[in-house]
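Visitor: One structure, as structure tokens, below. Some questions next.
The values are calculated or read from the model by the stated rules, or taken from the named source; none is laboratory data. Small disclaimer: the values here were computed from a predicted structure and weren't measured. Note: ideal-geometry Cβ built from the backbone for every residue, glycine included; neighbour counts use all protein chains shown. Just so you know, the surface numbers come from the protein's heavy atoms only, side chains and all, with ligands and any DNA or RNA stripped out. Shrake-Rupley method; radii C 1.70, N 1.55, O 1.52, S 1.80 Å.
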Amino acid sequence: MPSSSVISQWHSARVQLRYNYRVYPDASQREALARSFGCARVVFNDGLRARQQARLEGLPYLSDAELSKRVTAAKLTPQRAWLGEVSSVVLQQALADLNVAYRNFFASISGKRKGRKVAPPRFRSRKDNRQAIRFTKNARFKVLDNGRLRLPKIGDVEVRWSRNLPSDPSSVTVIRDAAGRYFASFVVQSTDEPLPVADSEIGIDLGLTHFAVLSDGTKVAAPKFLRRAARKLKRLQQDLSRKQRGSQNRKKAVVKVARAHARVADTRRDWQHKLSTRIIRDNQAVFVEDLCVVGLGRTRLAKSVHDAGWASFTGMLEYKAVRYGRTFGRVNRFFPSTRMCSDCGRINDKMALDVRTWKCPCGSTRDRDVNAAINVLAAGRAESLNDRGARIRPPAMVAPRGEAVIHPDAACSTRSVEGISVL
């Protein structure tokens, strides 16, 4: 059977998608939204405080139903009577977020949840950059014929519709970001939309000099959106540093900085969507290397790594492959895609990052990135078709003198940066 540590694939018949739209509430609606944000935050913090207090006193864990009863009772008290001014669904969804945070924390410390350890829930602050509330079908929100979004106890909000929703949404989340913009995020169920079968398959080697190098020799230049906006961001940050803390001018400067960063993020996201859609449309199977972005984010290349946005790009490829009937796979990050010759299969010695081309003893001259992309494609094909457990890797060879040693911290070593093109 194929090894799950080398390549992972997943398929689904139905996909749950989010559709985000910009909304433009008026002054009274912004005030109502601010009130809803505050009430949801208070309910979340009250529930978290109650559970922490119960734990300190040695009492049993407060159930979800018990917290819901406490919220209902709090509305009848003078101290929390203003909770009745907002939709009850917003308050219940705030408790649901708290319950999900606790379940993720418990699953993480017990080992049931894979990945990095999850911290326990923290108190929400009114100074958080992102404020959000959620309405489910029980709230009876509605998209009107005139294009406005009707939200209970808020009103009919103007929406900038960039495209139609594929189906009736199951929930909508209203978000206010650090730049002061409002968005409506709809959750919809979308069925598969298979594209016509394509003849080509592609392997992708992600890097910094070139954002992506394809196995067919195509090289996609790295846009470096953050680097291009560095001069403007530097000037805005300098203006912010000169403002007095707590002043209105400082708040305005903070918004200007947030808007500049939001513009960079939006531009990067739009570019990645277009590139990922084109790759999925033109290829039947797509294989990428499973890079350790978290580890690379702790190196001297952290700024460039985060500017590239590899994780978000591969996530787009993955869900679009499921939606459009394509095959997507991740190759193990420790697979020697850079050092292995794509012609003879020989694994050569380690090479410096500034070596862009190298010659194999078999006589072939290989481009570092194109060779890695070809090997990623070969490994992905072999693993996806290896249903009988056949040997797909080269035979064992004598390790070079500098590598014949056991590294206790191999999982976090610099070997994970092999195959990444850097300046």
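Visitor: Could you please tell me which pairs satisfy a Cβ distance under 8 Å, a separation of 6+ or placement on different chains, a first residue in segment 125-148 that is touching a residue at least 12 places away in the same chain (Cβ under 8 Å), and a second residue that is in a strand (DSSP E or B) and of a type in the set (Gly, Ala, Ser)?
Guide: Arg134/Ser171; Phe135/Ser171; Thr136/Ser171; Lys137/Ser171
Visitor: Now a separate question. The conditions are (1) crowded, with 19+ Cβ neighbours inside 10 Å; (2) of a type in the set (Phe, Trp, Tyr); (3) touching a helix residue (DSSP H, G or I) at 6+ places or on another chain (Cβ under 8 Å), and Phe123 fails exactly one of them. Which is it?
Guide: So Phe123 meets the others, but not (1).
Visitor: Another question, if that's okay. Does segment 238-259 contain at least one residue that is in contact (Cβ under 8 Å) with a residue 60 or more places away in the chain, closer than 30 Å to Thr338 by Cα and not polar (S, T, N, Q)?
Guide: no
Visitor: Right, Arg126: among the charged types (D, E, K, R) and more than 25 Å from Lys137 (Cβ to Cβ) or not?
Guide: Yes; evaluated as a whole, the condition is true for this residue.
Visitor: Another question, if that's okay. Could you please let me know if Ser190 is part of a strand (DSSP E or B) and closer than 30 Å to Ala32 by Cα?
Guide: no
Visitor: For segment 238-256, which positions are under 12 Å from Gly180 (Cβ atoms) and either at pLDDT 95 or above or open to solvent by 70 Å² or more (accessible area, probe 1.4 Å) (or both)?
Guide: Scanning segment 238-256 gives Lys251, Lys252, Lys256.
Visitor: Of the residues Phe287, Phe313, which single one is crowded, with 22+ Cβ neighbours inside 10 Å, at pLDDT 90 or above, more than 20 Å from Ala382 (Cβ to Cβ) and not basic (Lys, Arg)?
Guide: Exactly one of Phe287, Phe313 is crowded, with 22+ Cβ neighbours inside 10 Å, at pLDDT 90 or above, more than 20 Å from Ala382 (Cβ to Cβ) and not basic (Lys, Arg), namely Phe313.
Visitor: Which members of segment 178-187 meet the condition of being outside any strand (DSSP E or B) and either open to solvent by 20 Å² or more (accessible area, probe 1.4 Å) or in contact with a strand residue (DSSP E or B) (Cβ under 6 Å, 6 or more places away or on another chain) (or both)?
Guide: The answer is Ala178, Gly180, Arg181.
Visitor: Which condition number in (1) in a helix (DSSP H, G or I); (2) in contact (Cβ under 8 Å) with a residue 60 or more places away in the chain; (3) under 17 Å from the mean Cα position of the chain (by Cα) is the one that Ala321 fails?
Guide: Going through (1) in a helix (DSSP H, G or I); (2) in contact (Cβ under 8 Å) with a residue 60 or more places away in the chain; (3) under 17 Å from the mean Cα position of the chain (by Cα) one by one, Ala321 breaks only (2).
Visitor: Do we have Thr299 as surrounded by 17 or more Cβ atoms within 10 Å (Cβ to Cβ), among the polar types (S, T, N, Q) and touching a residue at least 12 places away in the same chain (Cβ under 8 Å) here?
Guide: no
Visitor: Taking the options Asp216, Asp199, name whichever one is charged (D, E, K, R), touching a residue at least 40 places away in the same chain (Cβ under 8 Å) and under 21 Å from Asn283 (Cβ atoms).
Guide: On inspection, the qualifying residue turns out to be Asp199.
Visitor: Would you check which residues across segment 142-160 are assigned to a loop (DSSP other than H, G, I, E, B), surrounded by fewer than 14 Cβ atoms within 10 Å (Cβ to Cβ) and on the phi < 0 side of the Ramachandran plot and list them?
Guide: The answer is Leu144, Asp145, Asn146.
Visitor: Can you go through Asp354, Asp343 and tell me which one is open to solvent by 70 Å² or more (accessible area, probe 1.4 Å), closer than 23 Å to Cys292 by Cα and either among the hydrophobic types (A, V, I, L, M, F, W, C) or at pLDDT below 75 (or both)?
Guide: Asp354
Visitor: In the list Ile109, Ile175, Ile133, which residue meets the criterion of being among the aliphatic types (A, V, I, L, M), open to solvent by 50 Å² or more (accessible area, probe 1.4 Å) and either modelled with pLDDT of 90 or more or in contact with a His (Cβ under 9 Å, 6 or more places away or on another chain) (or both)?
Guide: Ile109
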